Amino acid sequence: MNAIVAVFGLALLTALFYPVLKKSAPAYSLLLSVGAALVLLVRAGTSIQPALTGILRLEGQAGGGAFACLVRSSIIILLTDYTRTLCEEAGADSLGWCVGLAGRCLVLAAAWPLLEEILQTIGSITR
């Protein structure tokens, strides 16, 4: 519970100071946002251990190939979203859009083996 209060408290303080800094010093507002995001990720990282343990347990049950595709796709989605958001905060909206499009293409490429496996399974069932 203490970690939740700290994370949301920092996010709230950053959200309050961000507009003030954006008007007077836009470069510092971006630094504040990135700095707060890093602190939040480090703070939340200590709470993520039980989730990672559960993910490893799921990997053992699901099988290596399919699970690897899903994990790769999830990581691409998260990194794409963070990068797109940073680009948009920096005022590069068109670059953010391009990052989003590239991320969607990369997710499709990462998940392609899983999609092929699913289609082969469906094909073998219907024959």
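The values are calculated or read from the model by the stated rules, or taken from the named source; none is laboratory data. As the structure is a prediction and not an experimental result, all values here were calculated from the model. Cβ placement follows ideal geometry from the backbone for every residue including glycine, while neighbour counts extend to all protein chains displayed. Please note that ligands, DNA and RNA were not included when accessible areas were found on the heavy atoms of the full protein model with its side chains. Shrake-Rupley method; radii C 1.70, N 1.55, O 1.52, S 1.80 Å.
What do you reckon, is residue 41 surrounded by fewer than 15 Cβ atoms within 10 Å (Cβ to Cβ), over 17 Å from residue 110 (Cα atoms) and within 15 Å of the chain's Cα centre (by Cα)? Break it down stepwise before answering.
Values: surrounded by fewer than 15 Cβ atoms within 10 Å (Cβ to Cβ): yes; over 17 Å from residue 110 (Cα atoms): yes; within 15 Å of the chain's Cα centre (by Cα): yes.
Yes; evaluated as a whole, the condition is true for this residue.
From the list 91, 96, exactly one residue is closer than 30 Å to residue 25 by Cβ, open to solvent by less than 90 Å² (accessible area, probe 1.4 Å) and not in a helix (DSSP H, G or I). Which is it? Walk me through it before giving the result.
Working: 96 fails: not in a helix (DSSP H, G or I).
From the options 91, 96, the qualifying one is 91.
For segment 44-64, name all the residues that are touching a helix residue (DSSP H, G or I) at 6+ places or on another chain (Cβ under 7 Å) and open to solvent by less than 60 Å² (accessible area, probe 1.4 Å).
44
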